[in-house]
Amino acid sequence: MKTHKSKIEKILEKVRPYIKMHGGDVRLVDVKNGIVSLKISGACADCPLADLTYNKMVGTLIKEEVPQVKKVIIV
């Protein structure tokens, strides 16, 4: 599990500069039973495209790199 968190953190580190360019940020909350929980903040919290950005784009990256991840959710 710790290895999964480490891989996910590295993915978030790669995408974070792009997210911050738009006034937002993302933080890994938990990885449990194949579900990754992310907390978004800043401009992302109120952005209508947050679902697309995090669940589709970032979530896809995470699932490709860590196949044990089945779902990414925003908490």
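The values are calculated or read from the model by the stated rules, or taken from the named source; none is laboratory data. Quick caveat, the model's predicted, so the values are computed rather than measured. Note: ideal-geometry Cβ built from the backbone for every residue, glycine included; neighbour counts use all protein chains shown. SASA here: full protein model, heavy atoms, side chains in, ligands and nucleic acids out. Shrake-Rupley method; radii C 1.70, N 1.55, O 1.52, S 1.80 Å.
Among [x] 3, 13, 20, 21, 15, 11, 8, 5, 3, 1, 1, 0; [y] 3, 17, 32, 27, 13, 6, 1; [z] 3, 17, 30, 24, 14, 8, 3, 1, 0, only one was calculated for this model; which label is it, if the read-out is P(r) over Cα pairs in 5 Å bins from 0, in percent?
Given [x] 3, 13, 20, 21, 15, 11, 8, 5, 3, 1, 1, 0; [y] 3, 17, 32, 27, 13, 6, 1; [z] 3, 17, 30, 24, 14, 8, 3, 1, 0, the structure-derived one carries the label [y].
Report the paramagnetic label zone for Lys63: residues of region 23-53 whose backbone N is under 16 Å from a point 7 Å from Cα along the Cα-to-Cβ axis.
32-38, 51-53
Kindly sort Glu65, Glu9 by accessible area of their heavy atoms, largest first, with the probe set to 1.4 Å.
Glu65, Glu9
Once phi is turned into θ = phi - 60°, what whole-Hz ³J(HN,Hα) does the Karplus curve with 6.51, -1.76 and 1.60 give for every residue of region 32-37, x standing for Gly and Pro?
Taking θ as phi minus 60°, the curve returns 8, 6, x, 10, 9, 9 Hz for region 32-37.
Can you list residues whose amide H is under 5 Å from Leu38's amide H, if they're 5+ apart or on another chain and H is modeled 1.01 Å from N?
Val29, Ile73, Ile74, Val75
Using θ = phi - 60° and the Karplus relation 6.51 cos²θ - 1.76 cosθ + 1.60, list the HN-Hα couplings for region 39-46 in order, rounded to whole Hz, with x at every Gly or Pro.
Those phi angles translate into 10, 9, 8, x, 4, 5, 4, 10 Hz.
Counting other Cβ atoms within 10 Å, keep those with at most 12, restrict to DSSP loop, and tell me which trypsin sites (Lys or Arg not before Pro) in the chain are left.
Lys70
Where Lys and Arg each count +1 and Asp and Glu each count -1, what net charge lies around Asn33 among other residues with Cβ under 12 Å from its Cβ?
Charge balance in the 12 Å sphere: +2.
Can you put Tyr18, Tyr54 in order of accessible area, largest first, using a 1.4 Å probe?
Final ranking, largest accessible area leading: Tyr18, Tyr54.
Helix 2-21 versus the longest principal axis of the chain: what angle, 0 to 90°, nearest 10, using Cα atoms?
10
Out of the total accessible area of the chain (probe 1.4 Å, heavy atoms of protein only), what percent is carbon and sulfur?
Within the chain, the accessible surface is 57 percent carbon and sulfur.
With a 1.4 Å probe and all protein chains kept in place, how much accessible area does Ile19 have, in Å² rounded to the nearest 10?
My reading of the accessible area for Ile19 is about 20 Å².
Hey, got the dipole for the chain? About the Cα centre, +1 on K and R Cβ, -1 on D and E Cβ, debye to the nearest 20?
280
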